[in-house]
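Please treat every number below as a calculation from the coordinates, not as lab data. Note that the structure is predicted; figures quoted are calculated from it, not measured.
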Amino acid sequence: MVFGLTAKKLISYDLEKSSENLRENFDAFLEGLLSVPVAIPGTAYYKCLQGRKKVMRVLKNMLEERKVKPNKVKNDFFDHVLEELKQDDTVLTEEIALDLMFVLLFTSFETAAMAILVAVKLLTDNPRALKELTEEHEKILKERANPEDGLTWEEYKSMTFTFQVINETVRMANIVPAIFRKALTDIKIKDYTIPSGWVVMVSLPSVHLDPDNYKDPLNFNPWRWEGMGTKGSSKNFMGFGGGQRFCVGADFARLQMAVFLHCLVTRYRWQPIKGGETLRTPGLQFPNGFHVKFFKKDSKSG
């Protein structure tokens, strides 16, 4: 669902009208992203490379088609990219543009969808947190002149406990299990020197699940973020990266999750049916999925 919405907004992609299943290719890319780099047919790494190759081919064909039919406007993000390519002073090339579209599609659907899934699972297992979250959002509806109106920016900024739930979800999920940085100069840390040019991998689970940084790290505890602000500023929290390379989509990701949680707890109840077992590889995964049944709330009884 999340991928379908994202792909439609970005590139007007419709699975039913396309001969290529982008979702399956992105799945193959993701599964082999951290595999042993052996490009032999049948291996996860080979499938990863083929998945990316097929997606890039689809994007390339879309680009060529729109260049041939410039008057066929779709009003999606791809159109804005094409307009930028036409500018004389642009630094964007077709190669960079296609890479940009690939990255946006990948990060928009995979990280957002997994974060939402983990949030629902954690709330399902923690009635107290779900109760407080529901009360916060029901209060927003009660204080609204017309309960049917959409969320406002002021209401969004008032979701104190919601942001605590989001930060705790991101901490426990480690959806992006590692971030990479390249040493531009020799860096000395205590008695060890990282040579210039070396790539350093930061293991986020090692930071986020360290009991020296978080008490009972495997316990879902949104209250640990009280008084730490919307973004949960902390040197030990890198769910959205850190430093000058902080994730540019962090605020959008929080907004997506907050809006979803608002609609979820004010309109629905749910109960788990099957699945829900988790596996860290090293990010959090659901090998058997997590199936739930939703029930629409009675507007009168809540």
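A few remarks follow.
- Convex hull volume of segment 1-92 per residue (C-alpha atoms, cubic angstrom): 131
- Rounded, prolate or oblate (a/c below 1.5 giving rounded, otherwise prolate when a/b exceeds b/c) for segment 44-153 by Cα gyration tensor: oblate
- Under the criterion of Cα pairs below 8 Å and six or more residues apart, the relative contact order for the chain equals 14 percent.
- Within a straight-line Cα-Cα reach of under 20 Å, K121 can be paired with the following aspartates and glutamates, leaving aside sequence neighbours fewer than 8 residues apart in one chain: E110, E132, E135, E136, E168, D216, E277.
- P(r), alpha carbons of segment 127-302 - 10 Å bins starting at zero, rounded %: 8, 29, 33, 19, 7, 3, 0
- The lysine pair tally for segment 1-92, using Cα distances under 12 Å and a gap of 8 or more places or different chains, is 4.
- Shape box of segment 93-189 [Cα atoms, principal axes, largest first, Å]: 55, 38, 24
- Our summary of shape: the Cα atoms of segment 143-189 have principal axis extents of 60, 22, 16 Å, ordered from largest down, in whole angstrom.
- Think of it as helices only: each DSSP H run of n ≥ 4 in the chain is worth -39500 (n - 2.57), and spread over all residues that comes to -15500 deg cm²/dmol at 222 nm.
- The P(r) of the chain has a tail past 23 Å containing 65 percent of all C-alpha pairs.
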